[in-house]
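Every number in this text was worked out from the coordinates using simple rules, so none of it is lab data. Bear in mind the structure is a predicted one, so any value in this text is a computation, not a measurement. Reconstructed Cβ throughout: ideal geometry from the backbone, glycine too, with neighbour counts over all protein chains shown.
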Amino acid sequence: QGTLASGVIPYNVLEPVLTEGDCVFLHPKDLFCDPICGGGETCDESGNCIPYPTNIDVGTLTISGLSTSITMDPIIPSLIYYFSGDIPHPGFETGDAIELLSSGTETIDPFSMQAYGVTELEVSQLEMDLAFDQPSMLEWTPSTSEVDRRIQVVVNIANHGGTPARIECEVFDTGSLEIPTDIVNALLNVGYSGFPSVKLTRLSADTTTIANGCIDFTVLSSVTLPVDIPGLTSCSSDDDCPKGESCLSDLTCG
C-alpha cells in the first residue's frame, strides 16, 4: 500500500533538536501564518499559506517478486494505492528482488524501483522502559542477510494528544540498541499521553526522483511495542484506572 502526494506538509517535517549516537530527538516546528490559512491551505516555514498537498495518480503500479505478482490502481477519490486481495504467506523470501513499476500517466513519467525481501523481525521483549535519567534498551534477533542490515526505531509517546515530538534512530542490525539518556530526557520533558509506543522496522529501500519529487519504495518487517513510563496508566475507559481516578481525554488515568 502507499500514496504519492503533490507536496510535503510542512508541519510534518520535524526539526532535529538533539543528536547523540545513532538517535535524534525531533520536535515540530513553530509555524505561524497571519491571517490564518483558509480551507485547502496550510502554513509553511516562511509564514505563507500554501495549497495543502493532495494525493496524485501515477498510473497502474505493478509489483513483481512477491509470492504473487500484484497490480494496483489508485482508489478514487482518495487516490490511495491499496491491494485488497490475497497473497500467499510468506509474501516474500529473504533476499528476493522485489520490483515496483509504474505505468505513468499523461503528466507523470513511468518509473521503477527495486528493493529486497527482508528477514522477519523478531523481538523478544514485550515492552520498552522509558524513564528519566536512564537509557532505554531494545533487543531483537539480528539478521544474517546482507540485504536487510538496517533497523529503524521510532519512539512516540504522544499518540493521543500533546506535542508530537519523537525519537528516531537508525542503526546497523546488530540485535540491540541503547537510546541515550539525554535523548530520553528530551522526549519525556515534552510530555506524553496514553498508550506510548516504539516501532522497530527492518527494511530494504530504494528511491527515485521524477519531475514531481522524490519517491520511496520500502520492503519491511516491523514490530510495535508498548512503552512503559513510570507513573503513567493508559486507559480506554474509567474501568482501566485505579479507584478514584478517571480516564482523561488523552487516554491517561488521573
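Overall shape of the stretch 46-189 was characterised from the C-alpha gyration tensor. The equivalent ellipsoid obtained from it has semi-axes of 34, 26, 13 Å, in decreasing order. Summing charges over all other residues whose Cβ lies under 11 Å from the Cβ of C33, with Lys and Arg as +1 and Asp and Glu as -1, gives -4. One Cα centroid belongs to the stretch 212-237, the other to the stretch 127-182; the line between them spans 10 Å. The residue among P142, I108, S124 whose Cα reaches farthest toward the positive pole of the charge dipole of the stretch 79-185, with charges on the beta-carbon of Lys, Arg, Asp and Glu, is I108. K199 sits among other residues whose Cβ lies under 12 Å from its own Cβ, and their net charge, with Lys and Arg +1 and Asp and Glu -1, is +1. Could you work out [θ]222 nm for the chain from helices alone, using -39500 (n - 2.57) per DSSP H run of at least four and dividing by all its residues? Round to the nearest 500 deg cm²/dmol. It comes out at -1000 deg cm²/dmol, rounded to the nearest 500. Starting from the Cα gyration tensor of the chain, take the square roots of the eigenvalues, sort them a ≥ b ≥ c, and report rounded, prolate or oblate (rounded when a/c is under 1.5, otherwise prolate if a/b is larger than b/c, else oblate). Oblate, since a/c reaches 1.5 and b/c is not below a/b. Each Lys and Arg adds +1 at its Cβ and each Asp and Glu adds -1 at its Cβ; summed about the Cα centre, the stretch 37-165 shows a dipole of about 100 debye. Within the listed set G194, G95, G40, the residue fluctuating most in the Gaussian network model of the chain (springs between alpha-carbon atoms under 10 angstrom) is G40. By the Cβ distance rule (another cysteine Cβ under 4.7 Å), the unpaired cysteines of the chain are C214. With a/c under 1.5 counting as rounded, go ahead and sort the stretch 76-132 into rounded, prolate or oblate using the C-alpha gyration tensor (a ≥ b ≥ c being the square roots of the eigenvalues; past the cut-off, prolate if a/b is larger than b/c, else oblate). Cα axes put the stretch 76-132 in the prolate bin.
Extending 7 Å from Cα along the Cβ direction at S103 and again at I36 yields two label points whose distance is 4.4 nm. For the chain, a crude dipole built from +1 on the beta carbon of Lys and Arg and -1 on the beta carbon of Asp and Glu, taken about the Cα centre, is about 200 debye to the nearest 20. In the chain, a dipole from Cβ-located charges (positive for Lys and Arg, negative for Asp and Glu) runs towards its positive end, and of I210, L220, N189 it is I210 whose Cα lies farthest in that direction.
Size check on the stretch 1-115: the Cα extents along the three principal axes, sorted descending, read 51, 43, 24 Å. The residues neighbouring I50, those whose beta-carbon lies less than 12 Å from its own, together hold a net charge of -3 under the Lys/Arg +1, Asp/Glu -1 convention. A Gaussian network model of the chain, with springs between Cα atoms under 10 Å, assigns the largest mean-square fluctuation among T181, T94, T209 to T209.
The GluC sites (Glu not before Pro) of the stretch 1-87 that DSSP puts in a loop, and whose beta carbon has at most 16 other beta carbons within 10 Å, are E45. When the chain is treated as a Gaussian network with alpha carbon springs shorter than 10 Å, the biggest mean-square fluctuation among I80, I210, I183 belongs to I210. For the stretch 180-254, a crude dipole built from +1 on the beta carbon of Lys and Arg and -1 on the beta carbon of Asp and Glu, taken about the Cα centre, is about 220 debye to the nearest 20.
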